[in-house]
Amino acid sequence: MSSKEVVLSLGDAQVAALRAAELVTVRRADGGRWKIKAGRKVGAIRVGDLEIEVTPKVGLANMIFFLGYATSPGFRPEDVAGIPVTGLWPALATSLIRQARRALAPGPLRGYVTVDDALPLIRGRIRFTDQLAGRPGMPLPIEVQYDDHTPNFPENQILRAAIRRMLAVPRLRPVDRDDLTELDARLTGVTALPTGTPPPVWHAGRLNAHYAPALRLSELILLNSSADPGTGVHTIAAFVVNMEKVFEAFIGTALRDALSAYPGHTETPGKDTLDPGRAIRIEPDVLHLIDGRPAAVFDAKYKIEPGTGRPTNPDLYQMLAYCTALNLRTGWIIYAEGADPPTTWHVRNTDIQIGYQPLNLRQPPDQLLKDVQAFAHSAIHQTVPAYLYHP
C-alpha cells in the first residue's frame, strides 16, 4: 500500500479490525465507504478477504534484520540474505524457518522441570502432606514430586508458538508451510501456548545460546502479530510494527556494540535530568559514559518520507538541551535517509555544536553496520578527550 489515501467499501467488522491493528488510519468517506491511509507503522493485515500490506521503504529483509538485531546482536546480516522481497508473510516465514532450523539442528533443547503427580510407584520425593490429606489410609497411588528431563519448557514453548502463529497467516508459499509443519512436528510433546498468552520468561545462557536468535525472532512474531482462526465474523491475521521505535532500538544496539571498543559504558536510552532539582527528565536514545560522566550523546530520528530527512528546529532544540544539561560540547542526531550530507552546526554564543549524520537504511545490513561503526569511531574521537580512549 502506498502513502496515498484510498477509498474502500468495508463492513463494520473490517473497520473495527483495521482500527484495532493500528496499521492504517480509517476515516469515513461519502457513500458509506471508508478512507484508508498508511501511517508510520508497517506490516500486513488480512480481515476476511481484505488484505492490506504497508511495506517498509527500507525493504522487508532490512526491516527483519533491524528487528532481530535490536533485540539480539547475535542476529547476523547473513540471516536475512535470500529473504523473499515481495510479501511480509513469506519474509517472516523464511526468517523463522532459517532460525528455527539452526536452533533445532542438535535436537530440541531439553531441561528439568518440577512435576507434581500421583503414581503407582515412588519417583523422586513423596509429598506426605498431600498424601495424608487426599488419600488417608490408601497406599496407592502415591503423591510424589520429581524433576523431569523434558523438552516441554519455555524455550521450546516460545518457538512452537511462533511456528504455529506463522502457520495461521495467509499467503505462505507451499514450501514454507511444509517446512513450518515439519519444524512443528519436531517439537511434539511441547505445550502449545493458548492464543493471547504472553511468551514465558526465559534466560539466556551457555546451554541455550544457539536458540537465542530464533527465540528473539519468535518473541517479535508473537508480540507484534495476531491470528484469529475465525471465531468472529472474519478470519484475521496481522503483523504490525512501529518503524520509528524499530529504528531507535536498532541504532541503540548498533552504537552500543560499536562503542564497546572504548572505555566506559553505553546506555540505551540514557537517563538524566534537565534541571538541578532533577524534576524534568531527559532520555536521549544513546548516552555513552566514561567514569560515570556523560561523554557522547546521540538521538535517532526516523524520517524517511521525501523531503523530511533533515533536522527540524524541534530536533535541534532537543539536542541543544541534551548537550547543555549533560555538559557536552557536541551532540549527534542520526537520521534515516537524510537529504543532506553529514554536517555540524555551531550554536551561537555557546561552545556547543550539533552534528547531523544521515544513514542509508536501504543498503545491505553488513555495510550499514560498518557505516555505524565508522560513524561511532569518528564521533568518539571528536567528542572525547584523547587521553580517555585508546587511539
(request) Exactly one condition in (1) modelled with pLDDT of 85 or more; (2) surrounded by 14 or more Cβ atoms within 10 Å (Cβ to Cβ); (3) part of a helix (DSSP H, G or I) is not met by ASP130; state its number. (result) (1)
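Let me confirm something: among ALA300, ALA376, ALA386, which residue is over 21 Å from MET243 (Cβ atoms), at pLDDT 90 or above and of a type in the set (A, V, I, L, M, F, W, C)? Spell out the reasoning first.
On the way: ALA300 fails: over 21 Å from MET243 (Cβ atoms); ALA386 fails: at pLDDT 90 or above.
Sole residue among the options that is over 21 Å from MET243 (Cβ atoms), at pLDDT 90 or above and of a type in the set (A, V, I, L, M, F, W, C): ALA376.
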(request) Name the residue, out of VAL240, VAL201, that is open to solvent by less than 40 Å² (accessible area, probe 1.4 Å) and either in contact with a strand residue (DSSP E or B) (Cβ under 7 Å, 6 or more places away or on another chain) or aliphatic (A, V, I, L, M) (or both). (result) VAL240
(request) Could you tell me whether any residue of the stretch 38-54 is in contact with an Asp or Glu (Cβ under 7 Å, 6 or more places away or on another chain), under 17 Å from ASN242 (Cα atoms) and basic (Lys, Arg)? (result) yes
(request) State which residue is surrounded by the most Cβ atoms within 10 Å (Cβ to Cβ) when the search covers only the stretch 58-84 and only residues that are part of a helix (DSSP H, G or I) and at pLDDT below 65. (result) VAL80
(request) Any chance you could count how many residues in the stretch 1-16 are in contact with a helix residue (DSSP H, G or I) (Cβ under 8 Å, 6 or more places away or on another chain) and open to solvent by 40 Å² or more (accessible area, probe 1.4 Å)? (result) 1
(message) Yes or no: the stretch 172-191 includes at least one residue that is closer than 30 Å to ALA376 by Cα, open to solvent by 20 Å² or more (accessible area, probe 1.4 Å) and assigned to a helix (DSSP H, G or I).
(response) no
(message) Would you confirm, using the coordinates I've provided, whether ILE158 is in contact (Cβ under 8 Å) with a residue 24 or more places away in the chain, closer than 30 Å to ARG19 by Cβ and in contact with an Asp or Glu (Cβ under 9 Å, 6 or more places away or on another chain)?
(response) yes
(request) Give the residues of the stretch 14-49 that are more than 23 Å from LEU92 (Cα to Cα), among the small types (Gly, Ala, Ser) and at pLDDT 85 or above, sorted by residue number. (result) ALA16, ALA29
(request) Find the residue count for the stretch 85-109, including only residues that are modelled with pLDDT under 75 and either open to solvent by less than 20 Å² (accessible area, probe 1.4 Å) or aliphatic (A, V, I, L, M) (or both). (result) 1
(message) Which numbered condition in (1) of a type in the set (S, T, N, Q); (2) modelled with pLDDT of 85 or more; (3) open to solvent by 20 Å² or more (accessible area, probe 1.4 Å) is the only one that THR253 fails?
(response) (3)
(message) Among (1) touching a helix residue (DSSP H, G or I) at 6+ places or on another chain (Cβ under 7 Å); (2) assigned to a strand (DSSP E or B); (3) open to solvent by less than 20 Å² (accessible area, probe 1.4 Å), there is one condition GLN357 misses while meeting the rest; what is its number?
(response) (3)
(message) Residue under question is ASN152, and the condition is that it be of a type outside the set (D, E, K, R), under 24 Å from VAL115 (Cα atoms), in contact (Cβ under 8 Å) with a residue 24 or more places away in the chain and not in a helix (DSSP H, G or I); does it hold?
(response) yes
(request) Kindly provide the set of residues from the stretch 253-285 that are of a type in the set (Lys, Arg) and either under 18 Å from the mean Cα position of the chain (by Cα) or in a loop (DSSP other than H, G, I, E, B) (or both), ordered by number. (result) ARG256, LYS271, ARG278
(request) Scan the stretch 17-41 residue by residue and report those that are open to solvent by less than 60 Å² (accessible area, probe 1.4 Å), of a type in the set (A, V, I, L, M) and in a helix (DSSP H, G or I). (result) ALA17, LEU18, ALA21
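The values are calculated or read from the model by the stated rules, or taken from the named source; none is laboratory data. This one's a predicted model, so the numbers in the text were calculated from it and none came from an experiment. Cβ: placed from backbone, ideal geometry, glycine included. Neighbour counts: every protein chain shown. Side chains included, ligands, DNA and RNA excluded: accessible areas come from the protein's heavy atoms. Shrake-Rupley method; radii C 1.70, N 1.55, O 1.52, S 1.80 Å.
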